[in-house]
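Q: A single structure is presented below for examination.
We did not get these values from a lab; they are worked out from the coordinates using the rules stated. What you see is a predicted model; the values in this text were computed from it and never measured. Backbone-built Cβ (ideal geometry, glycine too); neighbour counts: all protein chains shown.
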Amino acid sequence: MYTGTEREWSDWRWQERNSLRSSAKIREVFPQFPEEERQQVAEYERTRRWGITPYTLSLMEKDELGNPHPKDPLVMQTFPVRGFRLDGARDSYGAGKPVNWELPEEMPTPILQHKYTNKVILRMPSACLAYCGYCFEVERTEDKESGRESSVTSQVWQDSLRYVREHPEVMEVIFSGGDLLLLENSTLEERIADVRAILNVRAVRVHTRALTFNPFRIDDKLVDVLRVHRVTELGLHFSHPNELTADVKEALERFNERGYGSILKMAQIPLLKGVNDDVAVLEELFMKLYAEFQIKPYYLYHGLPWSPAASQFRTSVRRGVQLMNRMKHRIPSVALPVFAIAHHKGKHIVPLEEEGTPEFKYEKDEAENPIIRFKNWKGDWEVYLDRE
Ligand code: SF4
C-alpha cells in the first residue's frame, strides 16, 4: 500500500506528507475501492477536511477487497463515508439551533478561548493529524467554510499573550485542537516559552492526538522542549484499545529516556456508539491505559453534539452511566475516568445515580425528546438534549 523505507515510516513528517487526504488518492491506495463511495468522499471533501496517516491506515482492519473495513474502530472514527456517515443534523440544546463549543463572547482573540475563570485554551493550527467524525471543534478543524480557521499572526499572538497577562486569575494555559504538535519543534518551543514567561501561568497543558495517529511525532527534541519549558500535562486522546500499540509505547518511553517521565499523562475518551460503548471494550481501554501505558483515564465524554457524525456515534447519557456503574466493580477505581457532558456553557460531571439527582434530572421536552436539566458550575440551570 505504502512503500516507505523503515526510516521514512518512522519519520512523522513522512507520515504527514503521505497522509491519505483526497478521493483522488484513494484510487492509488485502495485500487478496489467502490467508485460510488469514492464519489461520496469527493462530495464530502468539497466542504470538509479529512486525512489519515499511513500508520493509522496500517492499523485498520481490511475487508475482502483490501478496503478499510466499515466496522473497524479507527475506520469508523476517521474515514469519511466508509467509516462515518454525515447526518448534517448536529444536535444542540433547548432551541434546537446548533451551538458551537466556542461561544463568540468567550473569544477575546481569534485563537484564545476563555470559558472557565482559571484557564484559557489556545488554538494554534487549525489542522489535525487525522480528522475525527465526532470532533467538537469541527468548525475550526474540519469545516472549510466556517470561517473559524485560526490565523496566528504576530498581532494575534501578542494580543493573546497580553490577554493572559492582564487576567491574573488565569493560572493554566491549554493548547488544544487543532493539534499543536503539527508545528515544527522550533515554532512550538517559541510559543510555549512565551506562555511560560507569563508570571500568573502556573500550568501548561498540551492536548494531542499524535500518539494515536502519528506516534513518531514524539521525537527527542519535542520531549526536550516539553521538559525544558515544564509543560505540566499531556492531554491524550484515545477511543479504543487498538490505538494503544507498540509504537505508542515506544513514543511514551522517550519521556523516560529524556528524563521527563514525570510529565502527567491524562486520557480523554469520547464515548462512541459502535466504537467503545461496550463494557469489555472500555474495560480493556481503561486498563491498558492505566496498567500498561501509565496514562490515567481522566474523562469519558458523552458523544459530542456538534460533530459531523453526531447521530451515528450518539448513545444516551443514561447508557454511559450504566456502563460506568458496571465498570466500577470490575477495575481499580484509579483506572476509572469521570463521565462528563461537554455543554457549551461548560463541561459537567454526570452523577452516576441512574435516576438522576435533584440537580441532574432526566426529563422530556415538549416534543417528547429526552433531555437533561442540570445545574452547571455557575449555578445556572441548563438543558442538554439526550437523544439515543
Ligand atoms: S481536534 Fe481532536 S477530535 Fe477534533 S479532529 Fe482534531 S484530533 Fe480529532
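Q: Kindly provide the helix-only [θ] at 222 nm of the chain, computed as the sum of -39,500 (n - 2.57) over DSSP H runs of four or more divided by all residues, to the nearest 500 deg cm²/dmol?
A: -8000 deg cm²/dmol
Q: Can you give me the three principal axis dimensions of region 194-349 from its C-alpha atoms, in Å, biggest first?
A: The Cα atoms of region 194-349 stretch 44, 36, 30 Å along the principal axes, largest first.
Q: By count of other Cβ within 10 Å, fewest leading, how are 43, 137 ordered?
A: So the residues, fewest neighbours to most, are 43, 137.
Q: Then there's this: Could you tell me which of the pairs 119/273; 119/265; 249/328; 288/345; 71/364; 347/375 are separated by over 21 angstrom between their Cα atoms in the structure shown?
A: With Cα atoms farther than 21 Å apart: 119/273; 249/328; 288/345; 71/364.
Q: OK, next. Just want the ordering: 247, 386, from fewest to most Cβ atoms lying within 10 Å of their own Cβ. Don't skip to the answer; put the middle values down first.
A: Numbers: 247 18, 386 25.
So the ranking, lowest neighbour count to highest, is 247, 386.
Q: Turning to a different aspect of this structure: Using Cβ counts within 10 Å as a stand-in for footprinting exposure, how do 240, 114 rank, fewest first?
A: Least to most surrounded, the residues fall as 114, 240.
Q: Based on the mean of other beta carbon atoms within 10 Å per residue, what is the order of 45-57, 362-374, most packed first?
A: The densest-packed peptide leads the list: 45-57, 362-374.
Q: Under a GNM of the chain (C-alpha, springs under 10 Å), which listed residue has the highest mean-square fluctuation: 64, 354, 106?
A: Answer for the Gaussian network model of the chain: 64.
Q: Now, a different point. Run through all the Cα pairs of region 6-78 and give the fraction in each 10 Å bin from 0, expressed as whole percent.
A: With 10 Å bins starting at 0, P(r) equals 18, 52, 27, 2.
Q: Just to be sure I follow: if Rg is taken over the C-alpha atoms of the chain and Rh is the Kirkwood radius over the same atoms, what is Rg/Rh? All intermediate terms of the calculation are to be shown ahead of the outcome.
A: On the way: Rg = 20.5 Å, Rh = 21.7 Å.
Ratio value, two decimals: 0.95.
Q: From the square roots a ≥ b ≥ c of the eigenvalues of the alpha-carbon gyration tensor of region 135-206, which class results: rounded (a/c under 1.5), prolate (a/b over b/c), or oblate?
A: prolate
Q: Hey, what does the equivalent ellipsoid look like for region 99-224, semi-axes from the Cα gyration tensor as sqrt of 5 times each eigenvalue, largest first, whole Å?
A: After scaling each eigenvalue by five and taking roots: 22, 20, 13 Å.
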